[in-house]
1. What accessible surface, in Å², does a 1.4 Å probe find on residue 50, ignoring ligands, DNA and RNA and rounding to the nearest 10?
2. Considering amide H positions built from the backbone, and no H for Pro or chain starts, which residues 5 or more places from residue 158, or on another chain, come under 5 Å of its amide H?
3. For residue 130 and residue 33, calculate 0.36 nm times their separation in residues minus their Cα-Cα distance, and state this gained length in nm to one decimal.
4. Through the Karplus equation 6.51 cos²θ - 1.76 cosθ + 1.60, θ set to phi - 60°, convert the phi angles of the range 29-36 into ³J(HN,Hα) values in whole Hz; use x for Gly and Pro.
5. Given labels modelled 7 Å from the Cα in the Cβ direction, how far is it in nm from residue 79 to residue 138?
6. How big is the C-alpha Rg of the range 178-237 next to the rule-of-thumb value 2.2 N^0.38 Å, as a ratio?
7. Counting only protein heavy atoms and using a 1.4 Å probe, what share of the accessible area of the range 165-212 belongs to carbon plus sulfur, as a whole percent?
8. What is the Cα radius of gyration of the range 98-237 over 2.2 N^0.38 Å, N being its residue count?
Amino acid sequence: MARRKLKGIWALLRNLGIALAVVIAMPIVLTPLYLVVNPVSVPMASRLLTGRPMDRQWRNIDDISDRLKASVILSEDGQFCRHWGVDVGALRDEVERFMAGEDARGASTITMQVARNLFLWNRQSVVRKALEVPLAVYIDLVLPKKRIMEIYLNIAEWGPEGQFGIAAGAERAFGIEPQNLDWRTATLLVTALPNPMLRQPGRPSAGMVRIAGIIETRVREYGARASCVGKDGQLAL
């Protein structure tokens, strides 16, 4: 009986080891492929597998408004062009708040969000955050900044009915292509990113309009910080 029980434990551990190896191997193998293959995110795959509607129209990064790209960076991850996938200072502050029992403010870079959407789950947890860090560093090592941003803009959820990517988001909100965004439409789309289920750029609240104005002011002043995602390293703002 004891031998049978021990054998069962070893079988369980072996299966867990195989599962862990697969989980580790997936991002290692898939990330280099994403240099040329346009990925599908975990939330997108979930909608497809459960028969829910999903709209994603891939757009090359050079076919997306520079105002939108700079607005995303200045509002989501101001050090995107400078860090190696992780904003160490922001992450350190987040750890200190956690250890002190304070509420988390979030320290996810754009690269960490890409890692989460491609390989992890959405429910917030310390385990998920810990996994995001090495994945983001690896992604930043393998993929150029422009490709990381291109993937982010094409997998981010931008609407309440399965709209993924800026093309679907801009079409739903304003009926326009993402290269035709002016300051108002670009910044309003960015205000929806934290909660696309509730925030509607096409019917913005007063708070969204106010935040969009703040983003525009910031980008006009500091837009050069986002130049790594521009064509030939330049942004037309």
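1. 90
2. Counting only residues 5 or more places away or on other chains, the set is 163, 164, 165.
3. Separation in residues times 0.36 nm, less the Cα-Cα distance, equals 32.5 nm.
4. 7, 6, 4, x, 5, 6, 5, 10
5. A separation of 2.3 nm, rounded to one decimal place.
6. Working: Rg = 12.4 Å, N = 60, 2.2 N^0.38 = 10.4 Å.
Ratio of Cα Rg to 2.2 N^0.38 Å: 1.19.
7. Details: 1100 of 2140 Å².
So the carbon and sulfur contribution to the accessible surface is 52 percent.
8. On the way: Rg = 16.0 Å, N = 140, 2.2 N^0.38 = 14.4 Å.
Normalised Cα radius of gyration, the range 98-237: 1.11.
The values are calculated or read from the model by the stated rules, or taken from the named source; none is laboratory data. Note that this is a predicted model, so its numbers are computed, not measured. Using ideal geometry, Cβ is built from the backbone for each residue, glycine included, and neighbour counts are taken over all protein chains shown. These area figures cover heavy atoms from the full protein model, side chains too; ligands, DNA and RNA do not enter into them. Shrake-Rupley method; radii C 1.70, N 1.55, O 1.52, S 1.80 Å.
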